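Novice: The structure follows.
The numbers here are math on the coordinates, done by the rules we state, and not lab data. Remember, predicted model here, so these are calculated numbers, not experimental data. Ideal geometry is used to build each Cβ from the backbone, glycine not excepted, and the neighbour counts take in all protein chains shown.
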Amino acid sequence: MRNTLRTFMLLAALTALFVAVGYMIGGPAGMAVALLFAGAMNLVSYWNADKIVLRLYRAQPVDESHPSAMIRNYVADVTAMAEGAGLPRPAVYIVDNPQPNAFATGRDPQHAAVCATTGLLQMLDRREIRGVMGHELAHVKHRDTLTMTVTATIAGAISALANIAFFFGGSRERGAGLIGTIALALLAPIAAALVQMAISRGREYEADRGGAEISGDPQALASALAKIEAYAKGVVNVDAERNPATSHMFIINPLSGQGADNLFSTHPATRNRVEALMKLAGGSGGGWTAPAKPRARGTAVPVTGGQDGPRKGPWG
């Protein structure tokens, strides 16, 4: 209920920003057009934002019939953990991307989808993959996915409107004038980023805890986070760089130049997350340091067709 209320508050904020930009660009007429556009955008965000995000990353659905044993195991584990957590079976996707990462989307558990990159499936062992996908299923169970997905659409829309305001300018006859329009063009993307940050960091800690409960293995998730952090920094996610408004949806920030627990970070510091998980497991997180950048495991995962690459690890 809390996340649903938060989502509707975000939609109201989107409407207000659209109307403000519309007024600064075109006065009362521009405000009316913006209001209509915002209404349409709200409907699209609520009902189709998940489809938009999956399409942005060219995600491909997979199931137990996939020719790769690695992907069949991935699908089977997600399905088993969802059932154990009392969740409807989510749609399972992969993204052909070398950066190890994962995200969840969908407006509710009945319409949820989880997605892992081929880089993640190649680099982690099966136990660690279960830990990561348990984290994503926790987002689904907590109904974070609606807020996350709508926020991605809103942030992108705000930035686009700010660019419109900057290029078309405002009427000099109104009080705000060109200076006000430029100020709005600069501040609107910052406001969108702040919305992402406010939603992301606390949500990630809760999903780590929930994911550890779903997978039953906090240490596996801690190990996976450390490996992903070390490897992701050296692999540019081109799709994420082109669509930065979606960065908060991933388990680890997919953008270059990511930070720690500060105002301008969409994700908590990985060290802090690992330490919290180790405490949950009854271990000690003290003295943790990021591992050296690991090498990707196995050969490329076929998105459609192909043979299994070499796959070693405690889970086969």
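Novice: Show me the ranking of peptides 139-146, 16-23, 67-74 by mean Cβ neighbours inside 10 Å, starting with the highest.
Specialist: Ranked from most to least packed, the peptides come out as 139-146, 16-23, 67-74.
Novice: Ok, one more. Identify, among A85, A113, M70, the residue whose Cα sits farthest towards the positive end of the charge dipole of region 55-146, taking +1 on the Cβ of Lys and Arg and -1 on the Cβ of Asp and Glu, with the dipole about the Cα centre.
Specialist: The residue sitting farthest along the positive end of the dipole is A113.
Novice: Full-extension gain between H142 and R55, please, as 0.36 nm times their residue separation minus the C-alpha to C-alpha distance.
Specialist: Extending this stretch completely gives an extra 28.9 nm.
Novice: Sorted by average packing, counted as other Cβ atoms within 10 angstrom per residue and highest first, what order do 50-61, 97-108 take?
Specialist: Order by mean packing, descending: 97-108, 50-61.
Novice: How far apart, in nm, are two points set 7 Å out from the Cα along the Cα-to-Cβ line at V44 and at Y205?
Specialist: Those two pseudo-labels are separated by 3.6 nm.
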